[in-house]
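Student: The structure that follows is given in the form of structure tokens.
The values are calculated or read from the model by the stated rules, or taken from the named source; none is laboratory data. For clarity, every value in this text was computed on a predicted model and none was experimentally measured. Note: ideal-geometry Cβ built from the backbone for every residue, glycine included; neighbour counts use all protein chains shown.
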Amino acid sequence: MSTTLLIHDTGKVRTLTFNRPEKKNAFTRPMYEAATEALRQAEVDPAIHVVVLTGAGDVFTAGNDIGDFVKNPATGEDAPPLLFLRALVNQSKPVVASVDGPAVGIGTTMLLHCDYVVASDRARFSMPFINLGLCPEGASSLLLPRYAGMALASELLLFGEPFDAATALRAGLINRVVPAAQLAEVVAERAQALAAKPLEALRVSKSLLREPLRAEVNATLRREGIEFSKRLYSDEARETLTAFFTRKK
């Protein structure tokens, strides 16, 4: 059992908590592997009707742990971030996300594959791929223009600047913004409300909503992964990552 991913069941709701608060819940390879396995287990467990994703403390996730990411480059079809995203995309049960504080990189793009997202009024989102010499991931190049419109999607992906919960709501990334003090209560109530619905009806309804785009989503994940791998070994990416570590030191 990974200590960096906590698993807690409340009735028919399984909560997965990203648990590296000292590193702003940044993802390492073992965290991705644990989260992927937890999603797969929830998928086949008949006692679980809803999955909740959240972060420990007042942070959702800072995205990839850059140090771990450089040591273990996420390339190929079996890259841990890609396997995690595919497990999320293929989850037939509703996935609810509870977002407090920063949601960076994959911390934002994973929300495109969740079914109900509640953010606190202090949540901050960012897809800074371009600032690292990289490119969009998580099928964001496909889904964000559909949800947000091309103008806003282009702004968020091409500038790579942080944005607030009100902008995330306008972009269709989240469903609701609540005061931080009410976040846990609202998420628990919404998750339990979903869990009380007939499970097969939930699955069929989610499939009808998601299935028309599933092939495109998987194809886009593949294309983005190929381009992401190329960018990762580019001179631009090496320069920006070197600058990042220099500033950190």
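Student: Of a type in the set (A, V, I, L, M) and touching a His at 6+ places or on another chain (Cβ under 7 Å): is that true of VAL96 in this structure?
Tutor: Answer is no for this residue.
Student: Condition (residue is over 16 Å from SER229 (Cβ atoms), within 15 Å of the chain's Cα centre (by Cα) and of a type outside the set (Phe, Trp, Tyr)) applied to the range 71-82: is it met by at least one residue?
Tutor: Taking every residue of the range 71-82 in turn, none turns out to be over 16 Å from SER229 (Cβ atoms), within 15 Å of the chain's Cα centre (by Cα) and of a type outside the set (Phe, Trp, Tyr).
Student: Inspect the range 162-181 for any residue being within 30 Å of GLU77 (Cβ to Cβ) and loosely packed, with under 14 Cβ neighbours inside 10 Å and give the result as yes or no.
Tutor: no
Student: Of everything in the range 197-208, what is of a type outside the set (S, T, N, Q) and in contact (Cβ under 8 Å) with a residue 40 or more places away in the chain? Give them in sequence order.
Tutor: LYS197, LEU199, LEU202, ARG203, LYS206
Student: Enumerate the pairs (first residue in the range 119-137 and more than 16 Å from GLY55 (Cβ to Cβ); second residue anywhere and among the hydroxyl-bearing types (Ser, Thr, Tyr) and surrounded by fewer than 23 Cβ atoms within 10 Å (Cβ to Cβ)) with beta-carbon separation below 8 Å, excluding pairs fewer than 6 apart on the same chain, so at least 6 apart or on different chains.
Tutor: The qualifying pairs are ASN131/THR240; LEU132/THR240; GLY133/SER234; GLY133/THR240; CYS135/SER141.
Student: Then there's this: Given the options LEU199, LEU232, LEU221, name the one that is surrounded by 16 or more Cβ atoms within 10 Å (Cβ to Cβ), among the aliphatic types (A, V, I, L, M) and within 20 Å of ASP45 (Cβ to Cβ).
Tutor: Going through LEU199, LEU232, LEU221 in turn, the sole match is LEU199.
Student: Filter the range 64-81 down to the residues that are more than 14 Å from THR4 (Cα to Cα) and either part of a loop (DSSP other than H, G, I, E, B) or among the small types (Gly, Ala, Ser) (or both) and list them by number.
Tutor: GLY67, ASN72, PRO73, ALA74, THR75, GLY76, GLU77, ASP78, ALA79
Student: Looking only at the range 28-83, filter to residues that are buried (at least 17 other Cβ atoms within 10 Å of the Cβ) and charged (D, E, K, R); which one of those is nearest to ARG214 (Cα to Cα)?
Tutor: Out of the qualifying residues, it is ARG29.
Student: Let me ask you something else. Within the range 84-128, work out how many residues are buried (at least 21 other Cβ atoms within 10 Å of the Cβ) and either of a type in the set (Asp, Glu) or modelled with pLDDT under 95 (or both).
Tutor: Going through the range 84-128 one residue at a time, the tally reaches 1.
Student: Filter the range 144-179 down to the residues that are touching a helix residue (DSSP H, G or I) at 6+ places or on another chain (Cβ under 6 Å) and either farther than 17 Å from MET110 by Cα or among the acidic types (Asp, Glu) (or both) and list them by number.
Tutor: If the condition is that a residue be touching a helix residue (DSSP H, G or I) at 6+ places or on another chain (Cβ under 6 Å) and either farther than 17 Å from MET110 by Cα or among the acidic types (Asp, Glu) (or both), then VAL177, VAL178 are the ones that fit.
Student: Same structure, new question: Quick check on the range 152-161. Is at least one of its residues closer than 23 Å to LEU82 by Cβ, surrounded by 19 or more Cβ atoms within 10 Å (Cβ to Cβ), of a type outside the set (Gly, Ala, Ser) and touching a residue at least 60 places away in the same chain (Cβ under 8 Å)?
Tutor: Checked the range 152-161: no residue is closer than 23 Å to LEU82 by Cβ, surrounded by 19 or more Cβ atoms within 10 Å (Cβ to Cβ), of a type outside the set (Gly, Ala, Ser) and touching a residue at least 60 places away in the same chain (Cβ under 8 Å).
Student: Could we say that ALA243 is assigned to a helix (DSSP H, G or I), modelled with pLDDT of 95 or more and among the small types (Gly, Ala, Ser) here?
Tutor: For ALA243, the condition - assigned to a helix (DSSP H, G or I), modelled with pLDDT of 95 or more and among the small types (Gly, Ala, Ser) - is not met.
Student: Let me ask something else. Inspect the range 138-150 for any residue being under 30 Å from GLY67 (Cβ atoms), among the hydroxyl-bearing types (Ser, Thr, Tyr) and under 16 Å from the mean Cα position of the chain (by Cα) and give the result as yes or no.
Tutor: Looking through the range 138-150, at least one residue is under 30 Å from GLY67 (Cβ atoms), among the hydroxyl-bearing types (Ser, Thr, Tyr) and under 16 Å from the mean Cα position of the chain (by Cα).
Student: Among the residues of the range 203-222, write down those that are out of contact with any Asp or Glu (no Cβ under 9 Å at 6 or more places or on another chain), more than 12 Å from HIS113 (Cβ to Cβ) and not polar (S, T, N, Q).
Tutor: Hits for the range 203-222 are ARG203, VAL204, LEU208, GLU211, PRO212, ALA215, GLU216, ALA219.
Student: Okay, moving on. Output yes when any residue across the range 3-10 is under 28 Å from ARG238 (Cβ atoms), among the aliphatic types (A, V, I, L, M), in contact with a helix residue (DSSP H, G or I) (Cβ under 7 Å, 6 or more places away or on another chain) and not in a loop (DSSP other than H, G, I, E, B), and no when none is.
Tutor: Looking for residues that are under 28 Å from ARG238 (Cβ atoms), among the aliphatic types (A, V, I, L, M), in contact with a helix residue (DSSP H, G or I) (Cβ under 7 Å, 6 or more places away or on another chain) and not in a loop (DSSP other than H, G, I, E, B), one finds none in the range 3-10, hence no.
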